[in-house]
Amino acid sequence: MKDEIDFKELLKEPIRLFGLTYIYFLLAGGLLGAYYIWNINDISRNTIAPVVLKDSSQFVLDIPMQRGTFIAPVNVVEVAKPTKELIAKGANLYKANCASCHGDNGMGDGLSAAALAVKPRNFHSPEGWKNGRKISNIYKTLQEGILLSGMPAFNYTPAEDRFAMIHYIRTFAPDFPVDSVSELLELEKTYNLSKGMQLPAQIPVKMALQKVVQESNAEEKMVDQFCESMDEAARNDVGAKIAMAVSRNEQKIATVALVAHGRNLDEFIKIVSSDPVTIGFKPDVVRLTSQEWSALYSYLSKVNRKG
């Protein structure tokens, strides 16, 4: 056995150097690990901006503003018969109202279809019609809409226009079923189509809420004015003096003044006497004489009218 390494022998047998590769791999791994630690902040940084989804709770579909209108009467049996005039009219109405979702050819592939949670109806397919494919069925859909699938109601359009759209839609396929006379008469009975219909006006819910807030603000202002004026009014008005004497909460009494509007004296006495403490009066208000009740009622009613 030799005590020293004979490097000349190593050159003759390079395979003996293989054991030294362990040191090379160890050094390389250490260098890579050190590089990773030194650059860990840059390595873990996302260079692509993340996609932030919008809060779906903020997607609010409000009802449109519509004026009150009268839906002209129609003869259901006659208007249920397709004519060239009705089909031509329906084609124009379809393009204006339906094509964006259902597509120009009724395939359910309109420009807006991709954004809808429920795919629009393909009028060429007989499958999946929720209300059916007869004229009376489609009219029901146009009248009431289908909430779960996002189909809006067209109850604000004239009945004849809806029949025109139905006739045009039924040109997309040759196998639409035909209504019996009894089914058409039932449709007439359901919607009183021969008498016409008066549709009330409607405003968006957001606007309605704004109006409620405005009215509430007006009532709040009235309550404040009532509380501020009671002391001064008590100098000259017997009813105001009685109101101060029996009052536990002037703001609640002001609310009673609003409620008392349009009610007679007897109703007012019943309202106050039923639970005086809750609505801002002292319990002994029930001991007022008829003249005192009358004076109190007169004062509160007068304050309401001023508001």
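Throughout, read-outs are computed from the coordinates displayed, never taken from laboratory work. These numbers were taken from a predicted model, which means no experiment stands behind them. Cβ: placed from backbone, ideal geometry, glycine included. Neighbour counts: every protein chain shown.
Treat each spin label as a single point 7 Å out from the Cα along the C-beta direction, and report the Ala173 to Asp104 distance in nm.
Spacing of the two 7 Å Cα→Cβ label points: 2.2 nm.
Could you run the Karplus curve 6.51 cos²θ - 1.76 cosθ + 1.60 with θ = phi - 60° over the range 74-80 and give me ³J(HN,Hα) per residue in whole Hz, x for Gly and Pro?
With the stated coefficients, the range 74-80 comes to 9, 8, 4, 4, 6, 6, 6 Hz.
Determine the alpha carbon to alpha carbon distance for each of Lys140/Lys189; Lys95/Lys189; Lys89/Lys130; Lys221/Lys252 and list only those over 18 Å.
Working: Lys140/Lys189 12 Å; Lys95/Lys189 30 Å; Lys89/Lys130 26 Å; Lys221/Lys252 13 Å.
In this structure, Lys95/Lys189; Lys89/Lys130 lie more than 18 Å apart at Cα.
Rank these for me by crowding, His167, His124, His102, going from fewest to most other beta carbons within 10 Å.
Working: His167 26, His124 12, His102 23.
Arranged by neighbour count, lowest to highest, His167, His124, His102 become His124, His102, His167.
Report the gain in length on full extension from Ala208 to Ala34: 0.36 nm times residue separation, minus Cα-Cα distance, nm rounded to one decimal. If you can, show how the numbers build up before the last one.
Numbers: separation 174, 0.36 × 174 = 62.64 nm, distance 6.54 nm.
Here the answer is 56.1 nm.
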